[in-house]
Amino acid sequence: AGGDTANVTSGVDVARFSVRSLSAKDDTATFQFTVKNDNEFKAYVKVNNEKGVNNNEEYFDVELNYSEFEVEAGGTFTFTVTVTLLKTPQLDESGDKISALFGIEFDAQDEPFNA
């Protein structure tokens, strides 16, 4: 959508995205990310919640449809991130929309995570 961006940091398991298209309470923006496993073994992937970024929690909620998943050797896995505007912002005179920067960091290993 207008002004929304997403990218994945090469060599590091980090997905970053920003949102500028939301203007009214309960508006949403959706991003899809695909994780590719270039290794010779299955990867077990888990979101590291302690390293996540949402620099505007007053206005935005971020939800992933998976917080933990497996990616077969040489395979891919796609997950969805939904950003929801929690309240309608008061816009400044120029009509600038409120924006935020988000980041999701993953931990990956070759064996299941402990429950």
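What follows is calculated from the coordinates using simple rules that are stated; it is not laboratory data. Quick caveat: nothing in here was measured; it's all calculated off a predicted structure. Glycine gets a Cβ as well: all are built from the backbone with ideal geometry, and neighbour counts include every protein chain shown.
How charged is the neighbourhood of residue 68? Take every other residue with its Cβ under 14 Å from the Cβ of residue 68, and add Lys/Arg as +1 and Asp/Glu as -1.
On the way: positive: 42, 46; negative: 13, 70, 105, 107, 111.
Residues close to residue 68 contribute a combined charge of -3.
Under a Cβ-Cβ cut-off of 11 Å, what is the net charge of the residues other than residue 101 that fall near it, where Lys and Arg count +1 and Asp and Glu count -1? Mind dumping the intermediate values first?
Values: positive: 16, 20; negative: none.
Net charge around residue 101: +2.
Using a 10 Å Cβ count of at most 16 others and DSSP loop calls, identify the longest part of the chain lacking such GluC sites (Glu not before Pro). List each step's numbers first, then the result.
Values: sites that count: 40, 57, 58, 72, 93.
Looking at the chain, 1-39 is the longest stretch - no exposed GluC sites (Glu not before Pro) with at most 16 other Cβ atoms within 10 Å.
If you only keep lysine pairs separated by 8 or more in sequence, or across chains, how many in the chain come under 28 Å at the Cα atoms?
9
Once you have the Cα-Cα distance between residue 78 and residue 38, take 0.36 nm times their residue separation minus that, and quote the gain in nm to one decimal. Mind showing how you got there, number by number?
Numbers: separation 40, 0.36 × 40 = 14.40 nm, distance 1.49 nm.
Contour length minus the Cα-Cα distance gives 12.9 nm.
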